[in-house]
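Derivation of every value follows stated rules applied to the coordinates shown; laboratory data play no part. Worth saying up front: this structure is predicted, and the values here are computed from it rather than measured. Because the Cβ atoms are built from the backbone with ideal geometry, glycine has one as well, and the counts that use them run over all protein chains shown.
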Amino acid sequence: MGLFAKTRTTLEMIKWEHSIFALPFALTAVLLASHGTPGWRTLGWILVAMVTARSCAMAFNRWADADLDAANPRTSNRAIPAGLLSRQFVLGFTVLMGVGFVIAAAELNRLTLYLSPLVLIVLLSYSYMKRLTRWSHLVLGLALGLAPSAAWIAVRGSLDPRILVLTAAVMLWVGGFDVLYACQDFEHDRSAGLYSIPQSLGVPAAFRVARIMHLAMLGLLVIFGYIFHFGVAGWIGIAAAAALLAYEHAIVSPQDMRRLNAAFFTMNGVIATVFLVFVATDIWLRR
């Protein structure tokens, strides 16, 4: 495979475009921590850290799950099972991205450097959670939910407990839509001995669990808006997120999951981006 084709395949493997899920929440924390005026150097290294951390986690997941992906009809065409990339190449890419993340953390401040190995442990451990617990969805949620807290530390050099509310909200948001996404693999997970909410409780119950997680997420966003003294624009952003989440749940059901990919990929990217735009507007208006 030529360099261009291998690069394209690697980007497809790590689903780089899905960085939009966690990135807007990280940027929300950056704007709040910097009162709307982040330095360009800090912002640049935060973006590098976000991209390398996510790329490291996604590549490692593909490496760790290669055999499981090969046995699952939905994922058998992924890069390693399809023979497009070797396991050695993917593992090497994982290490490269992990080193890049640590370098970016070191360029930010001392605390981000010290915490970077712990972040990598959380990011990489998710790949094995389906082998251990039905609550693996929340581990994935935590992996993405760390983004706003890490971004706050990158700006301030310390952690404000208030930002943990946004971390918890993102954890439940991601955990909820991962529960929905896992409904596609209900039969495979059961036959392969993997754990998930759909496999353990059934698909209808999994939908109820996802709704509860998302309602709790919205409750945390309300608390978050209160403790950060949101203005009108910020509250509109929370209301918009609630409306989009309601629409996401309206277009899928246990009996009809044909639009699950649209709900998972498109709508969640829109939710995160809309929230960032309104909160950023609120911060700048208050300045």
Rank these for me by crowding, Phe186, Phe275, going from fewest to most other beta carbons within 10 Å. Phe186, Phe275
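Can you classify region 74-207 as rounded, prolate or oblate using the Cα gyration tensor, where a ≥ b ≥ c are the square roots of its eigenvalues, rounded means a/c under 1.5, and otherwise it's prolate if a/b beats b/c and oblate if not? Before the final figure, lay out the partial values.
On the way: a/c = 3.01, a/b = 1.36, b/c = 2.22.
Oblate shape, in that a/c is at least 1.5 and b/c is the bigger or equal ratio.
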Diffusion coefficient, µm² s⁻¹, Stokes-Einstein with Kirkwood Rh over alpha-carbon pairs of region 99-156 at 4 °C and 1.567 mPa s: 108
With only helices counted (DSSP H, runs n ≥ 4, each -39500 (n - 2.57)), the per-residue ellipticity at 222 nm for the chain, to the nearest 500, works out to -24500 deg cm²/dmol
Starting with the fewest neighbours, write out Ile236, Ile283 ranked by other beta-carbon atoms found within 10 Å of each beta-carbon. Ile236, Ile283
Using amide H atoms built in the peptide plane, which far-off residues or other-chain residues are under 5 Å from Leu85 H to H? Ile80
